[in-house]
1. Just name the residue that is surrounded by the fewest Cβ atoms within 10 Å (Cβ to Cβ) out of those in the stretch C:180-211 that are among the aliphatic types (A, V, I, L, M) and under 25 Å from C:Ser154 (Cβ atoms).
2. Output the number of the condition that A:Met108 fails; it satisfies all remaining conditions of (1) of a type outside the set (Phe, Trp, Tyr); (2) free of Cβ contacts under 8 Å to residues at least 24 places away in the same chain; (3) assigned by TED's automatic domain parsing to the domain that holds A:Pro37.
3. Here is a check on your reading of the model: is C:Ala294 crowded, with 21+ Cβ neighbours inside 10 Å, at pLDDT 95 or above and assigned by TED's automatic domain parsing to the domain that holds C:Ala271?
4. Residue check: is C:Arg141 within 12 Å of chain B (Cβ to nearest Cβ), outside any helix (DSSP H, G or I) and surrounded by fewer than 22 Cβ atoms within 10 Å (Cβ to Cβ)?
5. What number of residues within the stretch A:613-633 satisfy the criterion of being surrounded by fewer than 24 Cβ atoms within 10 Å (Cβ to Cβ) and over 21 Å from the mean Cα position of the chain (by Cα)?
6. Please count how many residues of the stretch C:217-249 are in a strand (DSSP E or B) and among the aliphatic types (A, V, I, L, M).
7. Among the residues of the stretch A:587-598, how many are under 13 Å from the mean Cα position of the chain (by Cα) and farther than 22 Å from A:Asp453 by Cβ?
8. Tell me which residues, restricted to the stretch C:297-334, are away from chain A (no Cβ under 14 Å), touching a strand residue (DSSP E or B) at 6+ places or on another chain (Cβ under 7 Å) and modelled with pLDDT of 95 or more.
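The values are calculated or read from the model by the stated rules, or taken from the named source; none is laboratory data. Here the structure is a predicted model, which is why all the values come from computation and not from measurement. Every residue, glycine among them, receives a Cβ derived from its backbone with ideal geometry; neighbour counts consider all protein chains shown.
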Amino acid sequence: MSTPGPVRLEGREKVTGTARYAAEHTPPGTAYAWPVPAAVPRGRVVAIDTGAALAEPGAVAVLTHENAPRLKDTDDATLLVLQNDRVPHRGWYVALAVADTPEAARAMAAAVRVSYAPEEHDVVLAPGHPRLYVPETANAGVPGSRERGDFDGAYASAPVRVDATYTTRALHNHPMEPHATTARWEDGRLVAYDSCQGANAVQETLAGLFGMDKERITVVAEHVGGGFGCKGTPRPQVVLAAMAARHTGRPVRLVLPRAQLAAVVGHRAPLVQRLRLGAGEDGVISALAHEVTTHTSTVREFVEQAAVPSRAMYVSPNSRTTHRVVALDVPSPSWMRAPGEAPGMYALECAMDELACASGVDPVELRVRNDTAAEPDSGKPYSSRHLVECLREGARRFGWDARDPRPRSRAEGPLLVGTGVASSYYPVYLMPSSAEAHVTETGRYRVRINATDIGTGARTVLAQVAADALGVALDRIAVEIGSTALPAAPLAGGSAGTGSWGWAVHKACRALNGMVDARGGTVPPGGLTAGADTAGDVPSDPPDAKAAFGAQFAEVTVDRDTGEVRVRRLLGVFAAGRILSARTARSQLIGGMTMGVGMALLEGSTMDPRFGDFAERDLASYHVPTHADVRGVEAHWIDETDLLLNPMGSKGIGEIGIVGTAAAVANAVHHATGVRVRDLPILPEKVLG
Amino acid sequence: MEPQTSSAVTLSVNGVRHRLRDLDHRTTVLDALREHLGLTGAKKGCDHAQCGACTVLVDGRRANSCLLLAVAYDGAEVTTVEGLADGDALHPLQEAFLVRDGFQCGYCTPGQLCSAVGMIAEAGEGAPSVVTPVAGAASPGAPVPLSPDEIRERMSGNLCRCGAYGNIVAAIEDVTR
Amino acid sequence: MRAFAYTRAGDVDEAIAALAASPGGMFLGGGTNLVDLMKLGVASPGLLVDIGRLPLTEVRETPDGGLRIGANVRNSDLAAHPAVRARYPALSQAVLAGASGQIRNTATTGGNLLQRTRCLYFQDVAKPCNKREPGSGCPAREGVHRDLAVLGHSAACVATHPSDMAVALAALDAVVHLRGPGGERTVPLCGFHRLPGDEPHRDTVIERAELVVAVGLPAPPAGRSAYRKARDRASYAFALASVAAALDVREGAVTDVRLAFGGLAHKPWRARVAEEALRGAPATEESFVRAAEAELAAAEPLRDNAFKVSLARNLAVRVLRDLAAPDGGEASAP
């Protein structure tokens, strides 16, 4: 058993309330902004009357497309706010009120009168939509469509077949800290405190948008109140705040109102996924088709790569994995924790459960029989893959062997009880990073890198990586992160942060030790500094496939009178390389599983066909799990040594926790009730019958 | 004559008396703390009492400060997360949150901590929750033992999107056991 | 939120006079719903008359064996009150099933009764809503309405009343004590909230400048009482459907029963048809099913909320069965 590792380095600031987030820096003279969202689903702004707004006491300015600073182009059109009269979807920002106080800004925004020329809108994703197309690539650059072997022939001749369609609604990241920026201009320089997952990307994007040298922009993200993907790239708040600060000549604070987030910061798109599995009597898959239908916006193409897990998980000599997408007049979808894998594995792992029922093979055993040493789609061998070990260890810890496989075989009073299993999977991504390590004459170390801690424990784990690489005690190391004033680093995303940043930190620390050694172990006055950049180290097309795997087991109760489903136990076992910090790793895995409980049972918003917005936009109507929804969640891991990954031997752990949870829960609901719910979330009406 | 839309408001925060001479009636206790008094520990997660990040203690009881108009709380005693520690000595709950890793991003943490302080006091005074056995009414006023189910139900007004719930409950148990 | 004037009333009459003199004014109690609605722009008072410090904070025994609950009694104090817990467990449970600990510490008894619907269209001022803006239309009927009414709705409005507390009060035959410019009056709780009809902007029968000063409870009904709520999330969520019931069984037959549904209508729904069917009937599952179904025969579910009818039926049967069980089932009483 690993030691829990150190307490988070910034923990004391967080528990005493002194950690400062983006909206908690207040330069003198700060003005407050409040956005005005479009109130039509599509059309043009024909007039904006700002008279009443500007008459509010404390009013400073109203920015609209008529007076806002012009932005240069960017490859992310969701950031081109207040540049023209187009309304591509409801909730798109059409004005920004700026005032001396937050109260006045809100009142001003309510007083802005916008006239529209509405146009016909099309917001409903339907599988037969005439404008569906197959994109060349989906998110993460994966091919939109892949065919291997002869799916149709193999499926037709398979003795056991499953053909099932799974649907999921739009999901929203809803980090506890809403998107926020405090921006100020000084002598042609821009400083932005921004709630983001990667300040370098924000800096570069702002440089492009404002047509300026990025050296003149500083972006600070010292503490970030969660992101889960929706702060992965810059979002409109930082652009608006910078525009308003330039327009008014004052520092400007913009915090996006919670109920506006769904329209402007991205969402996980709704999906229709058809799974067809053809297998032998023994359950071994001969044919696998995973066909995904989803939406994107007219502003930017983003395609949730949900079919991707079916290219990686199981033996599948004949395979078809496709994505079809339609651009609707809806908000732009984007990253949400494990984009592609989370919903894709929901569908695939439910289909596997259906295959287990159809073939009479135990669900754990079925997955073991379909294990593969090489990634089926690429043919590349996995550098390490311990799915079977996770399944076996999970089954042992969970007590799976005692399970009666018959549905509706367990009841406790009014509660039906069931258990289910699903696999987890998340690929290993790595990105080049730079870092710097410094040692003082007195043997104190400072590591500098623009990593971002969105709750992962980045500071802490990077200090541990440094301590390891330097061979010194942790308490001699200070870590500075969260600013573009530091050596550039990639975003906290794709579960790639620790691996990518850690590699650069490791390299810098080793280089520093080399410098010290070269001086016979002495450090000159003023200390020594070593920089490192892993641009040449991170392979772009490695010869092997790299991924983390896991298995999750759920026990649910279903109230037969009310249809209320609750998770009683959730146990995950993961194989994710070397776990660098047990304390924070466990938290991340449990956190992902908890969000998975939300995906399974609670979360989902409705696209309102008439108004073109997501109906459930606040935290009262969009239900994320509460304390009472989360009981008995456990995460364990199998120590995995994989030296092909990076110098630390780590895989990412930020996302794999949410992958498979929804399927494990849905499969448990089937076991409890005999009802196969193929539509998330599993609300009471779906099991009430 | 224009009606007056601002007033002088006095709040005692963490034992320190603050007089806000001309406070907009629209200003909430949360915004008074964050924007006027520089106390940014209490967080604004939703601004509509749907997340609990703004939880503070008002006259000893936990409340969502985002829905309290400061003018209506003139004279109130407010305790925020900044007031929990005794100098350098952390409150036992703060220590327990550190040891149990009862947070990740930290944004809900001040609310969780203040809520837990208030919640422990409520249970100590015998206040029931919806999961408290009704039979407990036989001894009204007797402290309600804080089982994990009691803690979970009573803390459900504090959302944590990072999913630190299990660790938070463990931290609270460390203090209440 | 528009700027507003503020005054703190020294006593009840002063509060009423202040509001009577200010057509755009509103009373401010705990504010957990009103301040929310002001932020949304749904409510825009020009004056708030703060009644939060009026001494309406007592829970008092009445000569008839009942209780008089001051309008400013906080929800958490009401739920924890020894007399409420001991004699009206359904009320204590209902209050505790609503909102969160923080909100219950702030919200008042009077305010809880007067809270407004959580219909998503009502809360969004950029959309039509007959309740918010009479005559503008009801998009919920054809739109997103899974959480909305199945009973007693109208062409103009399909909203539900969100309170849990009021459902228990309806079952317990509570009354609402009002005081206004014209003096005091008492309205039965079951007649306090309205069905929407063609005036959905009127949630209750309360008149302008009238103040809820107290809620009266008669002596507790014979037998036992309980409240049970079904919701999507395990806590901190509004009811999909809820049931408050009191049941007295003698020698296997129902001698007295009170039953009310929450989450189904524009008001707490007192199930008088079911009660009538049950009185004198054997206290059996069959009777409970028949009675619940008789009540819910009037349901007119919308496209996406038909499940609420079977959910409410099952809940009612469950609660009644538990109350009838010798050990009190899960809904035991002292």
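1. Among residues in the stretch C:180-211 that are among the aliphatic types (A, V, I, L, M) and under 25 Å from C:Ser154 (Cβ atoms), the one surrounded by the fewest Cβ atoms within 10 Å (Cβ to Cβ) is C:Val205.
2. Failing condition for A:Met108: (2).
3. no
4. In short, no.
5. 6
6. 10
7. 1
8. C:Leu323, C:Ala324
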